[in-house]
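These notes concern the structure reproduced below.
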Amino acid sequence: MTGTTADAAPPAAYRSPRGRGTELGLLVLAVLLPAWGYCALGLAKTGTLPPGAATCGAGLGVSALLAHLVVRWRAPYADPLLLPIAVLLNGIGLVLLHRLDLERGTAPAAPAQLLWSALGIGCALAVLLLLRDHRTLRRYSYVCVVSALGLLLAPVFFPPVNGARLWVHMGELSFQPGEFAKILLVVFFAGHLAAGRALSRRGRRLTWLHLPTGRLLGPVLTVWLLSVLVLILERDLGTSLLFFGVFIALLYAATGRLGWIAAGLLLGSAGAVLVGTYEPHVHTRIADWLHPFASIEAGAGAGQLAQSLFAFGAGGATGTGLGLGHSELIGFAATSDFVLSTAGEELGLAGLVALLLLYALLVERGYRAGLGLGDAFGKLLATGLATTVALQVFVIAGGVTGLIPLTGMPMPFLAQGGSSVVTNWILVGLLLRLSDTAGRRRAEAATP
Amino acid sequence: MGPRIRHLALLCALLLLALLVNTARLQLTESEDLRSNSANRRQSIERYDRPRGEILAGGRPVTGSRDTGENLRYERTYRSGPMYAPVTGFDSQVYGTSLLERAEDPVLSGTDPRLAPFGSLAALGGQRVRSPGGRVVTTVRPAAQRAAFEGLDGRKGAVAALDPTTGRILALVSSPSYDPDLLSGTDASVARAWERLNADPDKPMLNRAIRQTYPPGSTFKVVTAAAALDAGRVRDLDAPTRSPDPYRLPGTDRWLSNEAKGCRDASLRDAFTWSCNTVFAKLGVRTGLKAMVRAAERFGFNDAGLRIPSAVTPSTFDTEMDASQLAMSSIGQFDTRATPLQMATLAGAVATGGVIRPPYLVDKVTTRDGRTVRTGGGAGGTRQAMSPSTAAKLRSLMTGVVDEGSGRRARIPGVRVGGKTGTAQHGVDNSGTPYAWFISWAKRPDDSRPKVAVAVVVEDARAKRSEISGGGVAAPIAKAVMRAVLDGR
């Protein structure tokens, strides 16, 4: 993917190690593009420039500029693409949410999302300011897993929303603790596997199969069982799939054993089949995936997945244009699970490919940081974070386009949801920190 | 660890590829299927998101629109709905469209690329063009339409009137009618109206003028006379024919009789004026099946392709019959059936020297601001239904019917009116209430061309069976329509 080797001489691109000018330039574009979209939306819907465009653009711009300055100060070697990509995705998300607000006429989601975004950027900057060396985190890997499990279990004590127990409600506020648990678990996985790396080849040998030691196998099974447990208790196929996938990926990165992948996939599929058969909520989703138009044939009108497919179809190659689609047909999850359907309808295949490529670039930059780091923990952490984004995008984008069964997961940066936006910004903050270390390493190697 | 991270990156690339391929499939190859899925409401939302173009009669819209502010935003409204329903048809959010609303839908809904300034060019490039709904200017004359509608006065029946020299349809009425307004919108009342209209035994939504065929009865004698005259079977209108009364149907033991008296050996003129069944049955048989079929088809029978632009149910004249069936067919019975529009065309052909111009209902189509997009006109060219001399003879016969025969009630002082009455038997053993027919044309003496041809059919005339006759019930309606046209209202 990257075209360079981590341990070899640094590539030509890093001759100018800082790239902060590039970042600033891209940031300007990343702020202007959503502002332009906001204006286009206003013109399409009401024929006038929307009054909120300036506020929204300024809010995003000020946050981005602040982030840029902190990066310049505290992580000058950080990858110059990470911040602009995150700002652009966040900005497009704000435009899409505002567009959906116009349709629904209920409490608007975009202003709240703007606040959450600012908070998220603040958290990312806090990561940069407080975490000077990512290896510090390794010391807390067991704290991480305990708090992650605590967070994961918390929603069990709250009433379910739309059939899934994912939320913790406190007065007016509600958040998804599973979101925060995501990062904590990646930290734990990376810490655990970096420590267990040396142990990985010392298991008992059973003809052709190297059995792993109990110390390594124990957490694997624990995590797998926990993910199924989470799924059953909270009816959250997405999160458990994500945890499991990330863990398998890291296991492979750490040990290089394809047997791990095979065993993991086997266990994962067994769990999925079991749950898919016996858990009605999940079963329905699989049935919907296999026959998205069944409800139409039954004369009951289009289901949500069918509506999503219609939206993509209506978009065609170039889309209907912002504000000119019919997102209202998708229904209640339009701002969360199905925000990508609106993008597909109004921005078309062209816009969707651009969005997916932005995510791909973000993921690729994450792996690149991993490749550039010297320590196993850092490598695994960066790889885990990048894989988290990649899997999340694949699961939700694949779900709304009918490629795989639909699982309720927020599209990073696009979907409505404070916990999701904040978490993803923290993730970007960590990647900035990791890439800064990697960049510094490359720069030092380049200077004789 | 580096290579393994690369493997993971490669895996992500594969996942991305899968996403891209699947999205491209949805948005490019399956796009059209998804768009046209019956449960996809986008098409109807887009269709109703702007006022539909108007249908005009006599320069005034007979339609309107109502902004409901709902998802399917604009609803169609109709002015004088029941009167114009056989022309406009309905446009329903739930039940689709009919008649002109259906035939001219691309224009009315604004999807016809010709409505846009460079629309044809854009359509060539595969772009979907959406303009403000265009206007459909009909050929209908409101005064004639009203005269016909009020003449029928709710009785089951239909009227078709046209300008025989151009084919322009001046009136198209079916009765009993319905208000298409009832079918606009999405309320429960729409479904109730639909149910009720469909369950109504009087079939108010049936367009009897173009979609219902009737046995034409004696009005068909025009065709038989034309065939006989063209074939040279009869040369002198006033010479006595050798016709028995009653007439034994060839090859059977059944006897055909007359309502009128004095039909034995009557001349063609007298037989026509008093509508002698025996004379025409025998004449048809003598003229022969081939010549009869040819004549009927020249007048437009057995033509399944007629569109005005709504499809017109073909009028029929059998091409394979034995002599007794031919005898009955020659007086408009047996399997012979005709739409009122067909019979108006037939009357018009007589008036214009045998020339038929295909009837049409759309004068022109314009954009909303009046730029003409296309002009109407019947599909297909003109046809010669009979020789001009035959037409002249038939004009004289038809004038006789109105001047002194069964069609006296269609007389208009100072105007040359030709007509033919008909009382069509139908039902098992002719048990049904007979249909009363009247077809006619009118021409002012100082005009070079006839102005109007009309066909009227009344299914269940509110009268005792014995009094039912085209002359008594249908002729006054035809007269009112002709007057409305002649007065230029």
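The values are calculated or read from the model by the stated rules, or taken from the named source; none is laboratory data. Since the structure is predicted, the reported quantities are computational estimates derived from the model, not experimental observations. Ideal geometry is used to build each Cβ from the backbone, glycine not excepted, and the neighbour counts take in all protein chains shown. Please note that ligands, DNA and RNA were not included when accessible areas were found on the heavy atoms of the full protein model with its side chains. Shrake-Rupley method; radii C 1.70, N 1.55, O 1.52, S 1.80 Å.
Show that you can apply the helix-only estimate: for chain B, add -39,500 (n - 2.57) for every DSSP H stretch of four or more residues, divide by all residues, and state [θ] at 222 nm to the nearest 500.
Here the helix-only value at 222 nm equals -10000 deg cm²/dmol.
For B:Pro314, what charge total do you get from the other residues with a beta carbon under 13 Å from its beta carbon, if Lys and Arg give +1 and Asp and Glu give -1? Don't skip to the end; give the middle numbers.
Details: positive: B:Arg211, B:Arg307, B:Arg337; negative: B:Glu297, B:Asp303, B:Asp318, B:Asp335.
Here the count lands on -1.
Heavy atoms only, 1.4 Å probe, whole protein assembly: order B:Asp369, A:Asp337, A:Asp436 by accessible area, highest first.
B:Asp369, A:Asp337, A:Asp436
Quick one: net charge of B:Thr68's neighbours, Cβ under 12 Å, K/R +1, D/E -1?
So the surrounding residues net to -2.
Once you charge only the Cβ atoms, +1 for Lys and Arg and -1 for Asp and Glu, what is the size of the charge dipole of the protein assembly as shown about its Cα centre, to the nearest 20 debye?
Numbers: 98 positive and 69 negative charges, 297 e Å.
Dipole about the Cα centre, nearest 20: 1420 debye.
If you take each beta carbon of peptide A:302-312 and count the beta carbons of other chains within 10 angstrom, what is the mean?
Mean number of neighbouring Cβ atoms from other chains: 4.
Largest first, how would A:Trp116, B:Trp194, B:Trp437, B:Trp274 line up by accessible area (1.4 Å probe)? Let's see the in-between values first.
Details: A:Trp116 80, B:Trp194 55, B:Trp437 0, B:Trp274 115 Å².
I get B:Trp274, A:Trp116, B:Trp194, B:Trp437, largest accessible area first.
If you take the square roots of the eigenvalues of the alpha-carbon gyration tensor of chain A and sort them as a ≥ b ≥ c, do you get rounded (a/c under 1.5), prolate (a/b over b/c) or oblate?
oblate
Considering only protein heavy atoms, what is the solvent-accessible area of B:Arg357 at a probe of 1.4 Å, reported in Å² to the nearest 10?
Roughly 80 Å² of B:Arg357 is accessible to a 1.4 Å probe.
What quantity of accessible surface, computed with a 1.4 Å probe and excluding non-protein components, is buried in total between chains A and B, in Å² to the nearest 100?
That pair of chains buries around 3600 Å² in total.
Indicate the helices, whole DSSP H runs only, in chain A that combine a mean Kyte-Doolittle hydropathy of -0.5 or more with a Cα extent along their long axis of 20 angstrom or more.
TM-like helix candidates: A:20-46, A:52-74, A:82-104, A:110-130, A:177-196, A:214-234, A:237-255, A:258-278, A:348-372, A:376-400, A:418-446.
Within chain B, which whole H helices from DSSP have a Cα span along their axis of at least 30 Å and a mean Kyte-Doolittle hydropathy of -0.5 or more, if any? Numbers along the way, then the final one.
Values: long enough: B:2-24 (33 Å, 1.49).
What comes out of the filter, once short or polar helices are dropped, is B:2-24.
In chain B, carbon and sulfur make up what percent of the accessible area (probe 1.4 Å)?
Working: 9770 of 20040 Å².
Carbon and sulfur: 49 percent of the exposed surface of chain B.
Working with all protein chains in place, sort B:Tyr214, B:Tyr360 by solvent-accessible area computed with a 1.4 Å probe, largest first.
From most accessible down to least: B:Tyr360, B:Tyr214.
Extension gain B:Arg254-B:Glu320, at 0.36 nm per residue separation less the Cα-Cα distance, in nm? Could the numbers behind the result be given before it?
Working: separation 66, 0.36 × 66 = 23.76 nm, distance 2.03 nm.
So the extension gain works out to 21.7 nm.
Go through A:Lys45/A:Lys182; B:Lys290/B:Lys393; B:Lys156/B:Lys420; B:Lys221/B:Lys364; B:Lys364/B:Lys393; B:Lys261/B:Lys451 and tell me which ones have a Cα-Cα distance over 32 Å in this structure.
A:Lys45/A:Lys182; B:Lys221/B:Lys364; B:Lys364/B:Lys393; B:Lys261/B:Lys451
Before rounding to the nearest 500, sum -39500 (n - 2.57) across all DSSP H runs of length at least 4 in chain A and divide by the residue total; then give [θ] at 222 nm in deg cm²/dmol.
Calculated at 222 nm, the ellipticity per residue is -23000 deg cm²/dmol.
How shielded is B:37-45 by partner chains, expressed as the average number of their Cβ atoms within 10 Å of its Cβ atoms?
6
Below 14 angstrom from the Cβ of B:Phe299, what's the summed charge of the other residues (Lys, Arg +1; Asp, Glu -1)?
Net local charge, B:Phe299 excluded: +4.
Say a paramagnetic label sat at a point 7 Å from the Cα of A:Lys45, along Cα to Cβ; which residues of the stretch A:303-328 have their backbone N under 17 Å from it?
Only A:320-328 fall inside the zone, counting backbone N under 17 Å.
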